[in-house]
Ligand SMILES: O=C(O)CCC(=O)C(=O)O
């Protein structure tokens, strides 16, 4: 039976296998794994992202959020998510859902006090292919604060990845994806969701590591956004994910060669 909005299934990290996560992604469009990061990891990541957030302006429109700060070009600015981008559970799920994949839009998101709810959207809607689409996008939200109903936990519409027809906004039932700091939520590109309103006096920090199929143009152009001298120092798998990979025999080549040759 599919889950009702009120009862999102939450896995503990010990029971979070690739199979279980994919099963929930198929059933609900999302899968929450609680306490995936330790409190020490959360504290270290928060501290480093805070350093970056101090320099970041608030958003320019309703979608970015006028009270929300976003860290774009994340891998140019922090090393805090290098390990998570190549995490075995994540890459196992990516293999199953997208096949060969790359980072598309990695962003730190700090929803400030007084922010209103973000318009609901599907992450795969940036690709003008009509619905239903093939599997193009898989997203993960890493909670660095407790995500609560009051502070802007992501609002999700469980099951919306399977709707055959669009529904008017007033017929879309959402539920806040509440989870403790250190948890990660996987969600399909076809799942309707959006940042929640923050009615507290503190900001809510999360990081999205958002992936697309490796043959598709990513939302953010990392090859320009992350300096080559930074990418050169990263492990090969992360270099791949940032656009220095080839998929199929030719997609991504540079002058007939593997793009990694240009990092040397
Ligand atoms: O911050 C959130 O909870 C979700 C943000 C989001 O979906 C987006 O910015 O595309």
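With the Cα gyration tensor of region 93-210 giving a ≥ b ≥ c as the square roots of its eigenvalues, does the rule (a/c under 1.5 for rounded; else a/b larger than b/c for prolate; else oblate) give rounded, prolate or oblate?
Numbers: a/c = 2.12, a/b = 1.35, b/c = 1.58.
Oblate, because a/c is 1.5 or more while a/b does not exceed b/c.
Going by C-beta contacts inside 10 Å, put 35, 240 in order with the fewest on the left.
On the way: 35 19, 240 22.
Ranked by crowding around the Cβ, least crowded first: 35, 240.
Can you put 154, 17, 174 in order of Cβ neighbours within 10 angstrom, beginning with the fewest? Could you put the intermediate results ahead of the total?
Details: 154 27, 17 13, 174 19.
The fewest-first ordering by Cβ neighbours comes to 17, 174, 154.
Note down the nm distance, to one decimal, between modelled labels 7 Å out along Cα→Cβ at residue 126 and at residue 19.
About 3.4 nm, to one decimal.
Counting other C-beta atoms within 10 Å, which of 13, 167, 69 has the fewest, and how do the rest follow? Walk me through the numbers on the way to the answer.
Values: 13 15, 167 12, 69 22.
If I rank by nearby Cβ atoms, fewest first, I get 167, 13, 69.
So, R0 is 30 Å and r is the distance between the beta-carbons of residue 9 and residue 48; what FRET efficiency does that work out to, to 0.05? The partial results should precede the final answer.
On the way: r = 31 Å, r/R0 = 1.04.
Once the sixth-power term is evaluated, E becomes 0.45.
Cα gyration tensor of region 221-264, axes a ≥ b ≥ c as square roots of the eigenvalues: rounded (a/c below 1.5), prolate (a/b > b/c) or oblate?
Working: a/c = 1.68, a/b = 1.63, b/c = 1.03.
Cα axes put region 221-264 in the prolate bin.
Roughly speaking, what is the stretch gain from residue 230 to residue 260, that is 0.36 nm per residue apart minus the C-alpha to C-alpha distance, in nm to one decimal? Mind dumping the intermediate values first?
Numbers: separation 30, 0.36 × 30 = 10.80 nm, distance 1.30 nm.
Extra length from residue 230 to residue 260 when fully extended: 9.5 nm.
Per the helix-only calculation at 222 nm, which mean residue ellipticity applies to the chain, given -39500 (n - 2.57) for every DSSP H run of n ≥ 4 and division by its residues, nearest 500 deg cm²/dmol?
Details: 8 runs with 57 residues, N = 264.
Theoretical 222 nm ellipticity from helices: -5500 deg cm²/dmol.
Where a number appears in this text, it was derived from the coordinates with a stated rule and is not lab data. Everything quoted here is computed from the prediction, not taken from an experiment. Here Cβ is always computed from backbone atoms with ideal geometry, including for glycine, and neighbour counts include all displayed protein chains.
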